[in-house]
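S.K.: Here it is, the structure, as structure tokens.
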Amino acid sequence: EVYANTRKFIFSEHNPTYKKGVNNETGEIEGYGSEHMARRIKDNIWPMSIIIRALTTYDLAEKASLARDIIKSTGGTGWVHESFDVNNTAKYTRAWFCWADALFAELAMSMTNDCPGRPLNYTLHEIRDPNFP
């Protein structure tokens with residue numbers, strides 16, 4: 001019960017760092033960011049918050065939807081950033097942030113047959129940096 005209530009609070013408007021918005025790349029998107037990032041991007045979301053939400057759900061449709069949101073929220077770079085503007089994913093911090101990329105890789109592995117105990121049969125789309133062969 002404590003876990004469920006904590007998760008519910010973190011991803012709700014009761015959390016002061018929770019943001020929800022709409023942009024051309026993802027459509028409606030929500031997550032939480034941080035006060036210190038708000039100096040650079042007022043309505044920021046940490047992609048890692050979306051990844052954690054996906055990693056902590058048992059709802060497979062929600063997990064797949066959140067993974068798609070991450071793929072679409074890279075601002076066209078193919079990299080997962082530290083934070084992005086909820087209303088404009090092309091506005092982001094840290095163009096290259098390997099911590100978030102590694103966490104996304106963990107999410108991807110959790111959705112394949114290659115991850116022990118998870119025979120979910122998802123097809124993953126490749127994310128590639130267009131500037132890296």
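The values are calculated or read from the model by the stated rules, or taken from the named source; none is laboratory data. Not measured: the values here are computed from a predicted model. Note that we place each Cβ from the backbone using ideal geometry, even for glycine, and neighbour counts take in every protein chain shown. Accessible surface areas use protein heavy atoms only, side chains included; no ligands, DNA or RNA. Shrake-Rupley method; radii C 1.70, N 1.55, O 1.52, S 1.80 Å.
The rows are residues; the columns are (1) in contact (Cβ under 8 Å) with a residue 12 or more places away in the chain; (2) under 26 Å from Thr77 (Cα atoms).
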position: Glu13; (1), (2): no, no
position: Tyr18; (1), (2): yes, yes
position: Gly21; (1), (2): yes, yes
position: Gly27; (1), (2): no, yes
position: Ser34; (1), (2): yes, yes
position: Met48; (1), (2): yes, yes
position: Ile52; (1), (2): yes, yes
position: Ala64; (1), (2): yes, yes
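S.K.: Now a separate question. How many residues, within the range 65-95, are among the aliphatic types (A, V, I, L, M), outside any loop (DSSP other than H, G, I, E, B) and crowded, with 16+ Cβ neighbours inside 10 Å?
M.R.: Qualifying residue count, the range 65-95: 4.
S.K.: Report, by residue number, each residue of the range 17-52 that is over 17 Å from Asn87 (Cβ atoms) and either touching an Asp or Glu at 6+ places or on another chain (Cβ under 8 Å) or among the hydrophobic types (A, V, I, L, M, F, W, C) (or both).
M.R.: Result: Met48, Ile51, Ile52.
S.K.: Name the residue, out of Ile41, Ile51, that is outside any helix (DSSP H, G or I) and either open to solvent by less than 50 Å² (accessible area, probe 1.4 Å) or at pLDDT below 90 (or both).
M.R.: The conditions single out Ile41.
S.K.: On the basis of being outside any strand (DSSP E or B) and more than 9 Å from the chain's Cα centre (by Cα), does Ala100 make the cut?
M.R.: Answer is no for this residue.
S.K.: If we keep just the residues of the range 1-38 that are of a type in the set (D, E, K, R) and open to solvent by 60 Å² or more (accessible area, probe 1.4 Å), which is nearest to Ala95 (Cα to Cα)?
M.R.: Glu25
S.K.: Would you pick out the residues in the range 60-84 that are in contact with a Lys or Arg (Cβ under 7 Å, 6 or more places away or on another chain) and among the hydrophobic types (A, V, I, L, M, F, W, C)?
M.R.: Leu66, Phe84
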